[in-house]
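First comes the structure, then the notes that go with it.
The values are calculated or read from the model by the stated rules, or taken from the named source; none is laboratory data. In this text the structure is predicted, and so the values were computed from the model without any measurement. Cβ placement follows ideal geometry from the backbone for every residue including glycine, while neighbour counts extend to all protein chains displayed.
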Amino acid sequence: MTWNKDYWEDRYAKKEDFWNSKAITTPLKAYIDQVKDKTLYVLVPGVGHGHELVYLVQQGFSQSKGLDFTTMAFEETLKSEPSLSIDHVIVGDFFTHEGTYDLIIEQTFFCSLPLDKRKDYVQKMHELLRPEGKLVGLLFDTVFDTATPPFGGSKAEYKALFEPYFTIEVMERAYNSIKPRQDRELFIILKKKHGTKNHFK
């Protein structure tokens with residue numbers, strides 16, 4: 001079982017967080033840079049070290065929040081980011097979180113979940129987004145031979161998961177990935193569909 005606070009705090013304590021890019025990744029920076037409305041309510045689930053959240057706040061997106069089981073990794077980032085505070089992160093379980101957002105940023109959260117949580121993830125994202133809201137981010141376009149996160153997948157798999165709940169505006173190989181992830185991730189822009197029933201029952 002990987003979906004719990006103790007598991008992630010143990011990985012952070014042992015520095016087993018090799019997915020930490022040390023900064024916001026290029027595809028997400030490019031997307032955020034072209035968003036004009038800085039009053040949007042933005043959520044970064046599984047915020048971890050919070051590089052995306054840091055960048056959002058620094059760019060004036062004042063209604064941005066992170067969500068995670070633990071602030072352990074984010075507290076490390078705060079040491080070099082005096083413009084932020086621990087109050088920017090909500091401590092809790094994504095699947096029981098209540099709120100409404102215009103934009104949700106996906107960065108290595110989906111890949112951290114047990115595979116049997118993926119349908120729940122899609123439904124919860126749909127629930128948290130306001131009408132016309134968008135889920136934007138990156139998904140691994142490769143399968144990892146591992147029993148622990150991160151877990152990958154394929155474009156075909158992701159389309160089957162998301163299409164019942166979202167209009168897929170973009171789901172393409174990222175052209176500007178950071179070098180360690182080059183040719184291994186998909187950039188997504190998914191728009192919430194209206195009146196969607198539970199297609200996974």
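Values computed for the structure shown
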quantity: Tabulated pairs, the stretch 152-163, first farther than 14 Å from Ile189 by Cα, second surrounded by 15 or more Cβ atoms within 10 Å (Cβ to Cβ) and acidic (Asp, Glu), C-beta under 7 angstrom, 6+ apart or interchain; calculated: Ser154/Asp141
quantity: Qualifying residues in the stretch 126-142 (those that are in contact (Cβ under 8 Å) with a residue 60 or more places away in the chain and of a type in the set (A, V, I, L, M, F, W, C)) - the one nearest to His49 (Cα to Cα); calculated: Leu138
quantity: Verdict on Asp37 being among the acidic types (Asp, Glu), over 19 Å from Phe187 (Cβ atoms) and either in a loop (DSSP other than H, G, I, E, B) or over 16 Å from the mean Cα position of the chain (by Cα) (or both); calculated: yes
quantity: Matching residues in the stretch 36-52 - criterion: being at pLDDT 95 or above and buried (at least 16 other Cβ atoms within 10 Å of the Cβ); calculated: Leu40, Tyr41, Val42, Leu43, Val44, Pro45
quantity: Scope the stretch 54-85; condition over 16 Å from Ser112 (Cβ atoms) and either hydrophobic (A, V, I, L, M, F, W, C) or assigned to a strand (DSSP E or B) (or both); matching residues; calculated: Val54, Leu56, Val57, Phe61, Ser64, Lys65, Leu78, Leu84
quantity: Residues of the stretch 148-173 satisfying the condition of being closer than 23 Å to Arg130 by Cβ and either of a type in the set (S, T, N, Q) or assigned to a strand (DSSP E or B) (or both); calculated: Phe166, Thr167, Ile168, Glu169, Val170, Met171
quantity: Pair list, Cβ < 6 Å and 6+ apart or interchain, from the stretch 48-71 residues that are under 15 Å from Gly137 (Cα atoms) to residues that are in a loop (DSSP other than H, G, I, E, B) and β-branched (Val, Ile, Thr); calculated: His51/Ile24; Glu52/Ile24; Leu53/Val47; Tyr55/Ile24; Gly66/Val47
quantity: Residue satisfying condition, being out of contact with any Leu (no Cβ under 9 Å at 6 or more places or on another chain) and modelled with pLDDT of 95 or more, within set Pro114, Pro164; calculated: Pro164
quantity: Subset of the stretch 86-128 (residues that are farther than 23 Å from Ile189 by Cα and part of a loop (DSSP other than H, G, I, E, B)); calculated: Gly92, Asp93
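Residues are listed down the side, and each one gets a yes or a no for (1) closer than 21 Å to Val47 by Cα; (2) exposed (fewer than 13 other Cβ atoms within 10 Å of the Cβ); (3) among the aliphatic types (A, V, I, L, M):
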{"residue": "Thr100", "(1), (2), (3)": "yes, yes, no"}
{"residue": "Met125", "(1), (2), (3)": "yes, no, yes"}
{"residue": "Glu132", "(1), (2), (3)": "no, yes, no"}
{"residue": "Asp145", "(1), (2), (3)": "no, yes, no"}
{"residue": "Thr148", "(1), (2), (3)": "yes, yes, no"}
{"residue": "Phe151", "(1), (2), (3)": "yes, no, no"}
{"residue": "Glu157", "(1), (2), (3)": "no, no, no"}
{"residue": "Ile168", "(1), (2), (3)": "no, no, yes"}
